[in-house]
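Input: a single structure, listed below in structure tokens.
The values are calculated or read from the model by the stated rules, or taken from the named source; none is laboratory data. What you see is a predicted model; the values in this text were computed from it and never measured. As a convention, Cβ positions derive from the backbone with ideal geometry for all residues, glycine included, and neighbour counts pool all protein chains shown. Ligands, DNA and RNA are stripped out before the accessible areas are found, and what is left, the full protein with its side chains, is counted by its heavy atoms. Shrake-Rupley method; radii C 1.70, N 1.55, O 1.52, S 1.80 Å.
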Amino acid sequence: MINAILSRLKMVDGATVREGFYAQSLAKEQCFIFLQPYTDGFGAVNGRDKYRDDLALQIVAGVTLSRTESPTADLINLVRNIRSSFYKDQRDINKPNWLKGVALIGFKESEPCKYIMPEAHEKHGLAVITLSITQTVEFGEQL
């Protein structure tokens, strides 16, 4: 599932995509996207059957402010391009067909996208998209 999401993010033109937590020192490109874990809710009735897994992932997308003359538009367009990579041409955006190998209950943005104003010493404008992925998982199953 993580690889499928990363593959979709790699469809965004001009952005370097990385799995893992955003770190300013790692983001050297003009346009970048990080996929990082956020929360993971657990819902089991017993220890034998499949259980409900409510996984939240964050997409941290950003632009290097010194390399663009239009950081506001560039950041908003980056978010729009990410959404297009996930949802464009999907019949049901809550169950995208590119995640068909997952026992998926739901896929959605659980919070509005947040734009983060950089501190004086920071060099990136950031946008954070929080995805909520609800699925059924067997005990011992790995990503």
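Candidate cross-link partners of residue 123 among the lysines, defined by an alpha-carbon separation under 30 Å and a same-chain spacing of 8 or more, comprise 10, 28, 108, 114. Sorting the segments 45-53, 23-31 by their mean number of nearby beta carbons within 10 angstrom, highest to lowest, gives 23-31, 45-53. Full extension of the chain segment joining residue 30 with residue 98 gains 21.7 nm, where the gain is 0.36 nm per residue of separation less the Cα-Cα distance. Seen against the Cα atoms of the chain and their longest principal axis, helix 71-87 is set at about 20 degrees.
Of all the C-alpha pairs in the stretch 38-143, what % are more than 16 Å from each other? Value for the stretch 38-143 (Cα pairs over 16 Å): 65 percent.
By accessible area, using a 1.4 Å probe on protein heavy atoms only, the stretch 26-111 has 47% of its surface on carbon and sulfur. Using the Cβ of residue 45 as centre and a radius below 14 Å, the other residues enclosed give a net charge of 0, where K and R count +1 and D and E count -1. What translational diffusion coefficient, to the nearest whole µm²/s, does the stretch 1-75 have by Stokes-Einstein, given a Kirkwood radius computed over alpha-carbon pairs, a temperature of 10 °C and 1.306 mPa s viscosity? Using the Kirkwood radius from Cα pairs, D works out to 111 µm²/s. Using a probe of 1.4 Å, the accessible surface attributed to residue 7 totals some 70 Å² when neighbouring protein chains are kept in position.
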